[in-house]
1. With every protein chain present, what accessible area does Arg62 have (1.4 Å probe, heavy atoms only), rounded to the nearest 10 Å²?
2. Give, rounded to the nearest 20 debye, the magnitude of the charge dipole that the stretch 101-160 has about its Cα centre when Lys and Arg contribute +1 at Cβ and Asp and Glu contribute -1 at Cβ.
3. Relative contact order for the stretch 33-140 using alpha-carbon pairs under 8 Å, separation at least 6, rounded to a whole percent?
4. Which far-off residues, 5 or more places away or on another chain, put their amide H under 5 Å from the one on Leu147, with H placed in the peptide plane?
5. In what order, largest first, do Leu147, Leu159, Leu72 sit by accessible area if the probe radius is 1.4 Å?
6. Could you sort His108, His61, His43 by accessible area so the largest value comes first, with the probe set to 1.4 Å?
7. Ranked from the most accessible area to the least, with a 1.4 Å probe and all protein chains present, what is the order of Glu24, Glu42, Glu35?
8. Can you find, among Pro10, Gly59, Asn41, the residue sitting farthest towards the positive end of the charge dipole of the stretch 6-66, where Lys and Arg contribute +1 and Asp and Glu -1 at Cβ?
Amino acid sequence: MSSAGSASPPRVEAALGLLRDQHERVTRARQAVIEVLDGTNEHLAADEIVARVEASAPGVHRATVYRALSTLGELGLVTHTHVGNSAAVYHLALPARTDEAASAPHAHLQCTNCQSVIDIPVDVLDSLISRVDRELGFQVEPHHAALLGLCADCRVSQLPKPVRDNKPRTI
């Protein structure tokens, strides 16, 4: 956790300011969770956040970190995404920069083979979201769950091996 005399990164300061603006307490656990999420581009599950908070802010109890994640989510400062065969992963819901592109929401793809999670701009899914809304009246929350499939590397590794003889192949 940042020491009292050092300046926190801009997104951490912005998140803490939003907590104060909503008349919420800035607790050690909340600040530590925000700092952990700000300090990585990884998709972290709650247990991974707990481990990093315990390393950076010794004495913060595991249950307190879970409560902080829940509260920060309710306040809109943290979002979570459900990924296949795994726990939900968390993100700081503030843009990395103040430009418009950085504040664009993103969705997730998850490879069912290697489990990697890939961020994509949510507007890639606009036509699907519009069609589902128009035809079914269903409002999709694209940031809330990952779309499952095979990443480019796993697709290449799963291609059939080239046949070394000259016999024609039939399907």
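1. 100
2. On the way: 3 positive and 7 negative charges, 34 e Å.
Computed about the Cα centre, the dipole is about 160 debye.
3. Normalised by residue count, the contact order of the stretch 33-140 is 18 percent.
4. Correct list: His108, Leu109, Gln110.
5. From most accessible down to least: Leu159, Leu147, Leu72.
6. So the residues, ranked largest to smallest area, are His61, His43, His108.
7. Glu42, Glu24, Glu35
8. Most positive-ward Cα: Gly59.
The values are calculated or read from the model by the stated rules, or taken from the named source; none is laboratory data. This one's a predicted model, so the numbers in the text were calculated from it and none came from an experiment. Here the Cβ is made from the backbone with ideal geometry for all residues, glycine too, and neighbour counts use every protein chain on show. Just the protein is used for accessible areas: all its heavy atoms, side chains included, with ligands, DNA and RNA removed. Shrake-Rupley method; radii C 1.70, N 1.55, O 1.52, S 1.80 Å.
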